[in-house]
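Notes for the one structure printed next.
The values are calculated or read from the model by the stated rules, or taken from the named source; none is laboratory data. These numbers come from a predicted model, not from an experiment. As a convention, Cβ positions derive from the backbone with ideal geometry for all residues, glycine included, and neighbour counts pool all protein chains shown.
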């Protein structure tokens, strides 16, 4: 990509206000969401109820910021994808993941219930709340990292993860485009690990706040600069490479909230010599189904989907590495 092309893809050259938003929106809104949730819980709200309105409010702010400070102007236009992402948001939550903040409402409630009845004594409940939250993020990220990495390298898992990579652009609602099997597996290994360790519902609720807000920012069509935070969070500057059509680039940055395990296992990827890709999607599958129902059915008719979508293209071009 030439320099001229890269610049033209931006909505406009950064201004003082744009730079301010780019550097502060994510850390400030994430912190505000966590603090607001804690405040509501301290006022008597149940943890699994408190995080919902907080995250919804944050999503509205992100939606407005996208319109004012877009990363790619072309991504502001609908690519006939809004209704698909909205349907994913509704189905994947079954009233559980509506716009992604409610994804774990049931899991938080059940996890808290199980934790009070199966306390293994392993979880450090005496730690400060913020320290517990940090520990939960690091611990839950490890199994989530490996499941995500396996989804890119094993065909029997990739078929369920492919819908997420079929997006024609990146914007905040992409965070909802996950096949229900994909969501279920991610929830099981992430929340399940915390529950087994005895993590309480309060910390799990805060964990979900971070995950929901981070997910929206991670996919947002918003000018973002994280600097040193790119060594902590798996934020948009990193995640845009994960949606590249180039297999080598896409098979990096597997962290969903934190980038720590990518650093440990050598899969962090953030080139400094060029812009992230503009054309995102599935490599070698230009005719992968874009309809909602067709994508839900795709994993169960995978051999035919691959043949139809690739018109005989080699299996190596499917955006996976096995």
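Each row is one residue, and each column tells you yes or no for (1) in contact with a helix residue (DSSP H, G or I) (Cβ under 7 Å, 6 or more places away or on another chain); (2) closer than 25 Å to residue 239 by Cα.
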site: 30; (1), (2): yes, yes
site: 39; (1), (2): no, no
site: 42; (1), (2): no, no
site: 60; (1), (2): no, yes
site: 74; (1), (2): no, yes
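Considering (1) under 24 Å from residue 297 (Cα atoms); (2) assigned to a helix (DSSP H, G or I), the lone condition that residue 207 does not fulfil carries the number (1).
Could you list, in sequence order, the residues of region 216-235 that are assigned to a helix (DSSP H, G or I) and surrounded by 24 or more Cβ atoms within 10 Å (Cβ to Cβ)? 216, 217, 218, 219 - these are the residues of region 216-235 that are assigned to a helix (DSSP H, G or I) and surrounded by 24 or more Cβ atoms within 10 Å (Cβ to Cβ). Just one of the listed residues (71, 59) is under 19 Å from residue 172 (Cβ atoms) and outside any helix (DSSP H, G or I), namely 71. Consider region 164-191 and keep the residues that are farther than 23 Å from residue 79 by Cα, more than 13 Å from the chain's Cα centre (by Cα) and in contact (Cβ under 8 Å) with a residue 24 or more places away in the chain. The one that is surrounded by the most Cβ atoms within 10 Å (Cβ to Cβ) is 190.
Which ranges mark the helices (runs of 4 or more DSSP H) fully within region 250-322 that have 2 or more residues being surrounded by fewer than 15 Cβ atoms within 10 Å (Cβ to Cβ), modelled with pLDDT under 90 and out of contact with any helix residue (DSSP H, G or I) (no Cβ under 6 Å at 6 or more places or on another chain)? Full working, then the answer.
Working: elements: 260-265, 292-297, 302-310.
Here the list reads 302-310.
For the structure I just gave you, tell me whether residue 213 is touching a residue at least 12 places away in the same chain (Cβ under 8 Å), within 15 Å of residue 173 (Cα to Cα) and crowded, with 22+ Cβ neighbours inside 10 Å. Yes: the conditions hold for residue 213.
Restricting attention to region 139-158, which residues are closer than 15 Å to residue 260 by Cα and loosely packed, with under 15 Cβ neighbours inside 10 Å? The one that is closer than 15 Å to residue 260 by Cα and loosely packed, with under 15 Cβ neighbours inside 10 Å: 146. Would it be correct to say that residue 136 is crowded, with 16+ Cβ neighbours inside 10 Å, farther than 18 Å from residue 47 by Cα and at pLDDT 80 or above? In short, no. Filtered by the rule that a residue be farther than 20 Å from residue 296 by Cβ, surrounded by 19 or more Cβ atoms within 10 Å (Cβ to Cβ) and at pLDDT 55 or above, region 73-111 gives a lone residue, 75. Taking residues in region 280-295 that are within 15 Å of residue 169 (Cα to Cα), and partners anywhere that are assigned to a helix (DSSP H, G or I) and modelled with pLDDT of 85 or more, the pairs with Cβ atoms closer than 6 Å and at least 6 places apart or on different chains are 282/165; 283/247.
Determine if region 191-198 includes at least one residue that is assigned to a helix (DSSP H, G or I), in contact with a helix residue (DSSP H, G or I) (Cβ under 7 Å, 6 or more places away or on another chain) and modelled with pLDDT of 95 or more. No - not one qualifying residue is present in region 191-198. Of the set (1) at negative phi; (2) modelled with pLDDT of 95 or more, all apply to residue 246 but (2). Screening 8, 39 for residues that are modelled with pLDDT of 95 or more, in a helix (DSSP H, G or I), more than 20 Å from the chain's Cα centre (by Cα) and surrounded by fewer than 21 Cβ atoms within 10 Å (Cβ to Cβ) leaves exactly one candidate, 39.
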